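These notes are about the structure you will find just below.
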Amino acid sequence: MSRWEPGARDRMTRAAVELFAERGFERTTAGDIAEHAGVTERTFFRHFADKREVLFDGGRAMEQAVHDGIAAAADDVPPLDAALLGVAASTALLEARREHAARRAEIIAATPVLRERELLKLAGMAEAATRALRERGTPPRDAELAAHAAMSVFQVAFGRWIAGGAPDLASCVREDAAELRALLADH
């Protein structure tokens, strides 16, 4: 495959996931990924700062989707509901990539340095949600609580979804949000 062929970024992402799953994250180099994708190592580094970033490339888009979903909520929507709408909005970015998401999650779970990076990504999403809620006029503490509760719902829903627990991630988020509300009502 020519290195000038379009779609290099997607090919490198697929190659990285394949190699990480096959060899392990630590035993795969950026050069290995580039070679497997049919590009030069220089091309790899034009697209990604390092091999970790291949797995976390969508972080900013997820943060923006959460923020925009909250910003689009009607003014009378309570903070937790707005935060959950933001989380639900972000699921559209993952829906078409379930197999990739599941493989990515397995790689991250097997690699401590990647688990740490995943927590930073989730913290970024929570910060985006908190910021969006504050922009809506939600008091700081309420914004933080709602944002982090919504991210907890997202994490549980995501785990169920990649395990095959529901046909789509948005449904998992709605179901787990309802479960959280039931838990809160019981106490």
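A few points about this structure:
- Qualifying residue in the range 121-130 (condition: modelled with pLDDT under 95 and over 22 Å from ALA72 (Cα atoms)): yes
- Counting only helices (runs of 4 or more DSSP H) that fall entirely inside the range 1-85 and contain at least 2 residues that are buried (at least 22 other Cβ atoms within 10 Å of the Cβ), the qualifying elements are 8-23, 30-37, 59-71.
- Evaluation of PHE45 against the conditions (1) more than 23 Å from the chain's Cα centre (by Cα); (2) modelled with pLDDT of 95 or more shows that the sole unmet condition is (1).
The rows are residues; the columns are (1) under 23 Å from ALA163 (Cα atoms); (2) among the small types (Gly, Ala, Ser); (3) at pLDDT 95 or above.
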site: LYS51; (1), (2), (3): no, no, yes
site: ASP57; (1), (2), (3): yes, no, no
site: ALA61; (1), (2), (3): no, yes, no
site: HIS67; (1), (2), (3): no, no, yes
site: ALA73; (1), (2), (3): no, yes, yes
site: THR91; (1), (2), (3): yes, no, no
site: ALA101; (1), (2), (3): yes, yes, no
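- For the range 88-97, the candidate set comprises residues that are in contact with a Gly (Cβ under 9 Å, 6 or more places away or on another chain) and in contact (Cβ under 8 Å) with a residue 40 or more places away in the chain; within that set, the residue that is surrounded by the fewest Cβ atoms within 10 Å (Cβ to Cβ) is LEU94.
- The single residue among GLU116, GLU144, GLU179, GLU175 that is acidic (Asp, Glu), in a helix (DSSP H, G or I) and closer than 29 Å to ASP10 by Cβ turns out to be GLU116.
- Answer from ASP186, ASP142 - the residue that is out of contact with any helix residue (DSSP H, G or I) (no Cβ under 9 Å at 6 or more places or on another chain) and either acidic (Asp, Glu) or farther than 27 Å from ALA71 by Cβ (or both): ASP186
- Whenever a residue of the range 171-184 is open to solvent by 40 Å² or more (accessible area, probe 1.4 Å), its partners that are outside any helix (DSSP H, G or I), lying with C-beta atoms within less than 8 angstrom and at least six residues away or across chains, give the pairs GLU175/ALA166.
- The number of residues in the range 146-163 being touching a Leu at 6+ places or on another chain (Cβ under 8 Å) and over 17 Å from MET62 (Cβ atoms) comes to 2.
- Among the residues of the range 156-170, those that are crowded, with 16+ Cβ neighbours inside 10 Å and either in contact (Cβ under 8 Å) with a residue 24 or more places away in the chain or assigned to a helix (DSSP H, G or I) (or both) comprise VAL156, ALA157, PHE158, ARG160, TRP161, ILE162, LEU169, ALA170.
- The residue that is nearest to ALA61 (Cα to Cα), counting only those in the range 109-143 that are surrounded by 11 or more Cβ atoms within 10 Å (Cβ to Cβ) and basic (Lys, Arg), is LYS121.
- Condition check for ARG104: part of a helix (DSSP H, G or I), surrounded by fewer than 18 Cβ atoms within 10 Å (Cβ to Cβ) and not β-branched (Val, Ile, Thr): no
The values are calculated or read from the model by the stated rules, or taken from the named source; none is laboratory data. Computed from a predicted model, the values in this text were never measured in an experiment. Don't worry about glycine lacking a Cβ; one is built from the backbone with ideal geometry, like all the others, and counts go over all protein chains shown. For the accessible areas, the whole protein counts, side chains as well, though only heavy atoms, and no ligand, DNA or RNA atoms are used. Shrake-Rupley method; radii C 1.70, N 1.55, O 1.52, S 1.80 Å.
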